[in-house]
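Asker: Starting off with a structure, shown below.
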Amino acid sequence: MSNLVKNIVRFCLLILAQVYILNQVPPLHRLVTPYIYFIFILWLPFKMGRRTQMLLAFALGFTLDCFTNTYGLHAAACVLIAYIRPFLINVLISQEGTESNYYEPSIQSMGFTPYLTYVTILTFIHHTFLFFLQALQTGGYFYFLLKSLTSTAISLLLILLIELLFVRKQRFRTNTI
Amino acid sequence: MKTMRNILLFIRIYFTFIFFLFLMGLSFYMLFSYNKYHHAAYSRVAGEITGNISKKYNGIEYYFQLKRTNDSLVKANAALYNKLKQDYEIPDTANKMIIDTLTLDSIQQQRKYLYMPAKVVYNSVNLLNNYVELHRGGQQGITPDMGVIDVNNSVVGTVVDVSNNYAVVMSLLHEQSNLSARLKKGGETGIVTYDGKTPGILYLKDISKLAKIHQGDTVVTSGFSDKFPRGLLVGYVKDILNDKSSSTYTIRVNPAANFENLQYVYIINNLQKEEPAQLLKKVKSK
């Protein structure tokens, strides 16, 4: 499957899973609202242009917003993490040439600890920003800080499960520099 | 000329950041301009598209809930059977009730509320602001600000946005939702709201501390709003939060409608909405 088709399928499946599974389950606890759709942004290729990444992130967030009738809420959070992503990858990649040897971020291409740090930081930023925007409308800032912490934990657990269930095989592409 | 070049250079260097700010600004504009009263133009198109996808999904999901849907319809049917006229037979004495033929509903003059059934295609329960999407829209006689109830006569929410074939309902589990309600036993009226923090719990505010309230008491609509008739179920009292600094109670209420498996709802059209509204407008303009 070509990478373009793979990413399109990913986009659709993640949106559908978020809208029809995670938004449908009865609330686990008053502090927990799990999100997984944004791993589409985490899994975008290393070499994609930054503006393209942000545009795709905006499209992803806006699509989810259309389903939940919260126009602009998820789009803003997605654009933020798409903007931060390249900086984080630059800081976290340890080996020389990972960006050119591998196609996209994963445990295999980045190593377990850097990848986990990468996912944790972006998940936390996404959740905090999302719940902060909601707190602007309702108030209760301490509550939303607590909520972003617990929701991040649950979302991370789900992302870890997805990583274990759907193994993404990465080809090592030599001599491509 | 040089400043012009510098500006262009600046834009070229920081173009990614400017693009980021532009997308962020666009999101914020959409976020803060969309609310209950101001409907964005794109929400109509988006509503048609997401409604279509949700309808397809609901076609599958519906089968898994057939039993529960059937149970609730049977219950609603039983309640209606119990209201049939032949179930009430008064011995033929002087007490026989005579209905004034003038007020009979023969020419639709006296009808106030018209109920229109609709299929639910999407609803959410665990977000801060929850919406229900219905497969019935402007072309089928739905307009914004109509009330929505489920098959067992419990309040679900208010229509906020309508496209050609779909309608979006702001559920009671929405932070902007305000419903005038009354305790069935004592008759004290208050406002039912939702704070978005504890899922599935409504708050009944402004109930005087003189009222006698018990756990499990029924809360019904007051009939003061023009969306809902009097006496529709809203929920049951869960517990009472006693705030010593205030002269009113805040009561936590379990909603009567089961938001997690809504399949069919009724939309209430108030046919006599215009006249009192116009009268009120006339009084206010004086």
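The values are calculated or read from the model by the stated rules, or taken from the named source; none is laboratory data. What you see is a predicted model, and the numbers here were worked out from it, not measured in a lab. Backbone-built Cβ (ideal geometry, glycine too); neighbour counts: all protein chains shown.
Asker: Inside the stretch A:112-142, can you point out the residues that are touching a helix residue (DSSP H, G or I) at 6+ places or on another chain (Cβ under 8 Å) and either at pLDDT below 85 or not hydrophobic (A, V, I, L, M, F, W, C) (or both)?
Answerer: Correct list: A:P114, A:Y115, A:T117, A:Y118, A:T120, A:T123, A:H126, A:H127, A:T128, A:Q134, A:A135, A:Y141.
Asker: Related question: Considering each of A:Y71, A:Y83 in turn, give the residue that is crowded, with 17+ Cβ neighbours inside 10 Å, at the interface with chain B (Cβ under 9 Å from one of its Cβ atoms) and modelled with pLDDT under 90.
Answerer: Exactly one residue qualifies, and that residue is A:Y71.
Asker: Restricting to the stretch B:210-237, count the residues that are more than 19 Å from B:D150 (Cα to Cα) and either surrounded by 14 or more Cβ atoms within 10 Å (Cβ to Cβ) or within 14 Å of chain A (Cβ to nearest Cβ) (or both).
Answerer: Number satisfying all stated conditions: 4.
Asker: Determine which single condition A:D65 fails, assuming it passes every other condition in (1) free of Cβ contacts under 8 Å to residues at least 40 places away in the same chain; (2) farther than 30 Å from B:V159 by Cβ.
Answerer: Unmet for A:D65, out of (1) free of Cβ contacts under 8 Å to residues at least 40 places away in the same chain; (2) farther than 30 Å from B:V159 by Cβ: (2).
Asker: Residues of the stretch B:188-207 being within 14 Å of chain A (Cβ to nearest Cβ) and in contact (Cβ under 8 Å) with a residue 60 or more places away in the chain, which ones?
Answerer: Passing the criteria: B:G196, B:P199, B:G200.
Asker: Identify all residues within the stretch B:252-264 that are in a strand (DSSP E or B) and at pLDDT below 90; write none if there are none.
Answerer: Listed by number, the list holds a single entry, B:Y264.
Asker: Also, I was wondering about something else. Could you give every pair whose Cβ atoms fall below 8 Å, whose first residue belongs to the stretch A:130-149 and is more than 9 Å from chain B (Cβ to nearest Cβ) and farther than 17 Å from A:Y71 by Cβ, and whose second residue is hydrophobic (A, V, I, L, M, F, W, C) and assigned to a loop (DSSP other than H, G, I, E, B), counting only separations of at least 6 or pairs across chains?
Answerer: Listed by first residue and then by second, the contacts come to A:L146/A:L31.
Asker: While we're looking at this one, here's another question. Just to verify a result, which residue in the stretch B:180-199, among those that are small (G, A, S) and surrounded by 19 or more Cβ atoms within 10 Å (Cβ to Cβ), is modelled with the lowest pLDDT?
Answerer: B:G196
Asker: Also, quick follow-up: Which one of these is touching a helix residue (DSSP H, G or I) at 6+ places or on another chain (Cβ under 7 Å) and over 17 Å from B:T221 (Cα atoms): B:N129, B:N123?
Answerer: From the options B:N129, B:N123, the qualifying one is B:N123.
Asker: Take the residues in the stretch B:14-36 that are modelled with pLDDT under 85 and at the interface with chain A (Cβ under 8 Å from one of its Cβ atoms); name whichever of them is surrounded by the fewest Cβ atoms within 10 Å (Cβ to Cβ).
Answerer: B:F32
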